[in-house]
Amino acid sequence: MDTSNDSPSVKSAQRTLRILEVLGEEDQPLSLPELQERTGYPRSSLHALARTLRDAGWLQTDAGGSRYQLGTRALLTGTAYLDKDPAIPLAQKALEDLREELGHTVHFGRREQASVIYLASRESMVAVRQVYRIGRLVPASLTGLGQALLADLTDGEVAELLPEVLPTHTEFSIARRDDLLTELKQVRDRGWALELDQGVVGLGCVAAVVPYRIPGTDAISCSVPSDELRDESRRDELAAVLVRHTHELAAQLRRAGIR
C-alpha cells in the first residue's frame with residue numbers, strides 16, 4: 001500500500017485530523033465556509049469529510065444543519081485517554097491535597113510540543129475565575145504551566161519549538177521568544193514559574209514541573225489573583241507548598257513504576 005504523503009488515503013486522513021483539531025480549538029460551531037477558511041481545503045472534499053464525520057458521530061451540527069462542532073465520539077476518545085493514563089489518578093489526588101492546603105484553583109497539565117494541554121483541575125474554594133478547561137490546548141508561552149515545562153528544555157530546544165513572535169492574550173503576555181528565554185532563566189534559577197496577567201488580566205499563577213521525567217512533561221500550577229502574587233512573601237509561600245507537592249507526586253509516580 002502506498003504510504004506516501006501524496007497518497008489519497010493519507011491526504012484524506014490528514015484532512016480529517018485537521019478538521020477535528022480546528023473544531024477542537026474553537027469555542028463556537030463553524031459553518032462550512034468558516035471551516036474552509038481555516039483549513040484551506042476544497043469545498044467539495046471538505047463537505048464530504050464533514051458529512052462522513054457527522055454520520056459517524058465525530059461531528060454534530062446545529063438545528064439548521066449548517067454549523068459544525070465536535071460530536072460525542074470525540075468526547076469518548078478524549079475521556080478514554082484520561083481513563084487510561086496511569087499518572088492521572090495520582091495527579092488528581094495531588095491536586096485535591098494541594099487545593100485543600102492552599103484553597104486556590106490548581107491544574108495538572110502536560111506539554112505537547114509548543115503547547116500545554118490541561119488534564120486535571122480542582123476549582124478554588126474562593127472566588128477565582130476558572131480559565132482553562134480539561135482538554136484545552138494553550139500556547140505554552142502564555143501559561144505558568146508551559147513556562148515551567150519550557151524551562152526544563154535548553155534554550156536551543158525552545159528556539160526550535162517556538163517562533164520569534166509569540167501569541168498573546170493580554171498586553172502583559174510575553175510577545176517575543178528572546179524575552180521568554182530571559183524569563184525561562186529566572187524560572188530555572190527559582191525552581192518554579194511565575195505568571196502574572198499574561199493569560200487573563202487580574203489572574204496569575206505559580207507553577208512547577210513534576211520531576212519524574214527528564215525533561216519534564218507534566219507540571220502543576222496554582223491560579224491566584226495577581227494582587228496576592230505581588231506580595232513576595234505570599235508568593236514564595238505558595239511556591240514552596242507547590243514545589244513540595246510536585247516532588248511528592250513525582251516520588252509516588254516513580255514508586256508506581258510510571259516513567
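Throughout, read-outs are computed from the coordinates displayed, never taken from laboratory work. What you are looking at is a predicted structure, and each value in this text was computed from that prediction instead of being measured. Positions of Cβ are backbone-derived with ideal geometry, glycine not excepted, and every protein chain shown enters the neighbour counts.
Between 0 and 90 degrees, rounded to the nearest ten: what's the tilt of helix 72-84 against the longest Cα principal axis of the chain?
Once rounded, the angle reads 40 degrees.
In vacuo Debye scattering of region 8-73, one point per C-alpha: log10 I(q)/I(0) at q = 0.16, 0.18, 0.26 Å⁻¹?
-0.44, -0.57, -1.26
Express the relative contact order of the chain as a whole percentage, based on alpha carbon pairs under 8 Å and six or more residues apart in sequence. Write out the running numbers ahead of the final one.
Numbers: 416 pairs, mean separation 35.2, N = 259.
For the chain, the relative contact order is 14 percent.
How would you order 47-59, 210-222 from highest to lowest mean count of nearby Cβ atoms within 10 Å?
Values: 47-59: 16.1, 210-222: 22.1.
Output ranking for 47-59, 210-222: 210-222, 47-59.
For the chain, what is the calculated [θ] at 222 nm in deg cm²/dmol (nearest 500), taking -39500 (n - 2.57) for each run of four or more DSSP H residues and dividing by its residue count?
It lands at -15000 deg cm²/dmol.
Only four residue types carry charge here, +1 at the Cβ of Lys and Arg and -1 at the Cβ of Asp and Glu. Report the dipole size of region 1-142 about the Cα centre in Debye, rounded to the nearest 20.
Using Cβ point charges on Lys, Arg, Asp and Glu, region 1-142 gives about 240 debye.
Taking region 191-235 on its own, what percent of its Cα-Cα pair distances exceed 11 Å?
The proportion of pairs with Cα distances above 11 Å equals 64 percent.
Please report the equivalent ellipsoid semi-axes of the chain, computed as sqrt(5 x eigenvalue) of the Cα gyration tensor, largest first, in whole Å.
Values for the chain, descending: 35, 20, 19 Å.
With charges only on Cβ, +1 for K and R and -1 for D and E, what is the dipole size of region 96-171 about its Cα centre, in debye, rounded to 20?
With only Lys, Arg, Asp and Glu charged at Cβ, the dipole is about 400 debye.
Based on the mean of other Cβ atoms within 10 Å per residue, sort peptides 87-93, 171-177 so the most packed one is first.
Answer by packing, highest mean first, reads 87-93, 171-177.
What residue among 193, 74, 140 has the largest mean-square fluctuation in a Gaussian network model of the chain, using Cα springs under 10 Å?
74
Note down the magnitude of the dipole of the chain about its Cα centre, charges +1 on Lys and Arg C-beta and -1 on Asp and Glu C-beta and zero elsewhere, to the nearest 20 debye.
About 880 debye.
What angle do you read, to the nearest 10 degrees and between 0 and 90, between the alpha-carbon axis of helix 8-25 and the longest principal axis of the chain?
On a 0 to 90 degree scale, this one is about 50.
Convex hull over the alpha-carbon atoms of region 122-259: what's its volume per residue in Å³?
117
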